[in-house]
Amino acid sequence: MKEWEQEVLGQYDIDATNMKRVRNGILCESKQGFFLLQETKLSDARLGMLADLGSSLQEKGFCDMDFLVKTTDERVVCELEDGSRYVLKKWFDGKECDVKRENDLLSAVKNLTRLHKVLRESDVKGYEAEDLQQVYFRHNRELKKVRSFVRGRVDKGKFENDYLYSFQIMYRWAECALERLKSSNYKSVPKYLIHGDYNYHNILMSHE
């Protein structure tokens, strides 16, 4: 175990017996079960919201998720002297959902249905999502930055030239989406918490 790993895990009430690097972090096997150690760039406010949401879901009986684990002094993020920040998540022993196995897919859909129902009943106070107009505006601005970067390349290949040729057509759709949003009544639509990516990479089928 590396020195920084020891420093981070030392702030949690777990006894790691085995550790190995995986695609999205470091998998820790311990006497208390499996955990995933990850570096994070999320803000304290966002992490606090995720921790509160995890607690809310657990209270409603939805426990098979990668909840944030708090340190021994009740923090949701561990920050080292070099400024790097880490979180520890409850993890599970299992394999990725196999899209070729019908039982795996049925279980995943059933789980998603239940998650939707539970999220509609969950309320995380003190967290306000960014307004959709601002989100769309920011994405459109980022698209133009990418175009400027590609335009500035001297050694353009087929991909870059095809990209620049197609950009304006697609960007018009992006502008149209923002204008439609401005004229819509989206702010009156009931607001619910939603999940992030839900694909076979993010679904573990437990051995149980």
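The values are calculated or read from the model by the stated rules, or taken from the named source; none is laboratory data. All figures in this text were calculated on a predicted structure; none of them were measured in a lab. We place every Cβ from the backbone using ideal geometry, glycine too, and count neighbours over all the protein chains shown. The accessibility values were calculated without ligands, DNA or RNA, using every heavy atom of the protein model including side chains. Shrake-Rupley method; radii C 1.70, N 1.55, O 1.52, S 1.80 Å.
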**Report entry** Over region 49-208, volume per residue of the alpha carbon convex hull, in Å³
**Finding:** 224 Å³
Query raised in the report: Got a sec? Charge dipole of region 1-146, +1 on Cβ for Lys and Arg, -1 for Asp and Glu; which of Tyr12, Leu37, Leu132 is way out at the positive end?
Result: Leu132
Report summary line: With Tyr200 itself left out, Lys, Arg at +1 and Asp, Glu at -1 over residues whose Cβ is under 9 Å from its Cβ give -3
Report summary line: With a 1.4 angstrom probe the carbon and sulfur portion of accessible area for region 65-165, in percent, totals 52 percent
Query raised in the report: What percentages, rounded to whole numbers, describe P(r) for region 37-95 computed over all alpha carbon pairs with 5 Å bin width beginning at zero?
Result: 4, 18, 27, 25, 15, 8, 3, 1
Requested in this report: Evaluate region 10-66: find the radius of gyration of its Cα atoms, find its Kirkwood radius, and give the ratio Rg to Rh.
Outcome: 1.00
Requested in this report: Find out how many positive minus negative residues lie around Trp91, taking Lys and Arg as positive, Asp and Glu as negative, among other residues whose Cβ is under 10 Å from that of Trp91.
Outcome: -1
Report summary line: Answer in debye to the nearest 20: the dipole magnitude of region 78-171 about its Cα centre, from +1 Lys/Arg and -1 Asp/Glu charges placed on Cβ, is 380 debye
Query - Solvent exposure of region 42-189 as accessible area per residue, Å², 1.4 Å probe - result: 72 Å²
Query raised in the report: Taking the Cα centre of region 26-147 as the origin, how large is its charge dipole in debye, to the nearest 20, when only Lys and Arg (+1) and Asp and Glu (-1) carry charge on their Cβ atoms?
Result: 560 debye
Query raised in the report: Dipole magnitude of the chain about its Cα centre, charges +1 at Lys/Arg Cβ and -1 at Asp/Glu Cβ only, in debye to the nearest 20?
Result: 1260 debye
Query raised in the report: Using alpha carbons only, how many degrees (0 to 90, rounded to 10) separate the axis of helix 102-120 from the longest principal axis of the chain?
Result: 80 degrees
Query - Sorted largest first, extent of region 1-141 alpha carbons per principal axis (Å) - result: 43, 41, 33
Requested in this report: Report, in degrees rounded to the nearest 10, the 0 to 90 angle that the Cα long axis of helix 132-152 makes with the longest principal axis of the chain.
Outcome: 70 degrees
Report task. Count neighbours as other Cβ atoms within 10 Å of each site's Cβ, and list the GluC sites (Glu not before Pro) in region 50-158 that are DSSP loop with at most 14 such neighbours. Result -> Glu74, Glu81, Glu121, Glu128, Glu130
Query raised in the report: How big is region 139-184 in terms of Cα radius of gyration and Dmax, in angstroms?
Result: 12.7, 43
Requested in this report: Provide the gained length on full extension for the span Ser148 to Ser43, in nm with one decimal, where the gain is 0.36 nm per separating residue minus the Cα-Cα distance.
Outcome: 34.9 nm
Report summary line: Note, Asp162: beta-carbon cut-off 14 Å, +1 each Lys/Arg, -1 each Asp/Glu, net +4
Report task. Figure the gain on full extension for Leu132 and Asp15 (residue separation times 0.36 nm, minus the Cα-Cα span) and round it to one decimal in nm. Result -> 37.8 nm
